[in-house]
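K.L.:
Please see the structure below; I have some questions.
Since every read-out is calculated from the coordinates, none of them should be taken as a lab result. All values derive from a computational prediction rather than experimental measurement. Here Cβ is always computed from backbone atoms with ideal geometry, including for glycine, and neighbour counts include all displayed protein chains.
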Amino acid sequence: MIHKGYMADYLRYLFARMLAIPVTLLIVTAVLYGFIMLTPPEVRAELYLPPNLQIKSPEHYQNLINMRIKMYHLNDPYPIQYALWLKSLVQGQWGYSPTLGEDVLPSLLRRTPATLELTLYSLLFFIPLGKTASIKIGAITERVDERDIMFAREEYEPGTEKYITYYTMR
């Protein structure tokens, strides 16, 4: 029998999990952005240069790098750069992928239907498979103590004093 507060408990749990998603994303992106900040601004500025750029002189190249650093605020402190990055992300400007040779957001959106389709098929296949496995596991008659699995206590032979001492410490 389901108790009366079951649905309220479930909704509270679901709401808490939904609130945790953006917080988790902020923490993960802040840490990853921090790792990116470990590279010098000059190196990060090179990513903004066109791949087939004709460099006329070292001064011309340095001028281009300095312009990119100023344009993309690569010398600003970490919080400012991260806030600018978040702002552009919210505005739909997810950047450019030099590997794909196109903007990131349209590329992700184009691949989303196939990803969702694969997710659906895997759920339809693996959920019944998991239920079958759980039925088989539940049919095991021997009780397995989680301490046996976690610590692999081979030296505790059933019937010995060491075994009895260990398993009576509950």
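K.L.:
Length gain on complete extension for the stretch GLU59 to MET18, per 0.36 nm per residue less the alpha carbon to alpha carbon distance?
P.N.:
Numbers: separation 41, 0.36 × 41 = 14.76 nm, distance 5.15 nm.
Here the segment from GLU59 to MET18 would lengthen by 9.6 nm.
K.L.:
Right, something else. What nm distance separates the two modelled labels at LEU129 and LEU108, each placed 7 Å from Cα along Cα→Cβ?
P.N.:
The two pseudo-label positions are separated by 2.8 nm.
K.L.:
Take ILE80 and ASN66, extend 7 Å from each Cα along the Cα→Cβ direction, and tell me the distance between the two endpoints in nm.
P.N.:
It is 1.8 nm.
K.L.:
Students often check this: by mean Cβ neighbours within 10 Å, which of 55-67, 108-120 ranks highest, and how do the rest follow? Don't skip to the end; give the middle numbers.
P.N.:
Working: 55-67: 12.4, 108-120: 9.9.
Highest-to-lowest ranking by the protection proxy: 55-67, 108-120.
K.L.:
Rounded to the nearest 0.05, what FRET efficiency is calculated for HIS73 and THR115 with R0 set to 41 Å and r the Cβ-Cβ distance?
P.N.:
Numbers: r = 32 Å, r/R0 = 0.79.
The formula returns an efficiency of 0.80 here.
K.L.:
Using the Cα atoms as the points, what is the convex hull volume per residue of the range 1-124 in Å³? Mind showing how you got there, number by number?
P.N.:
Details: hull volume 19.4 nm³, N = 124.
Cα convex hull per residue, to the nearest whole number: 156 Å³.
K.L.:
VAL43 to THR160: extension gain in nm, 0.36 nm per residue of separation minus the Cα-Cα distance? Walk me through the numbers on the way to the answer.
P.N.:
On the way: separation 117, 0.36 × 117 = 42.12 nm, distance 6.50 nm.
Extending this stretch completely gives an extra 35.6 nm.
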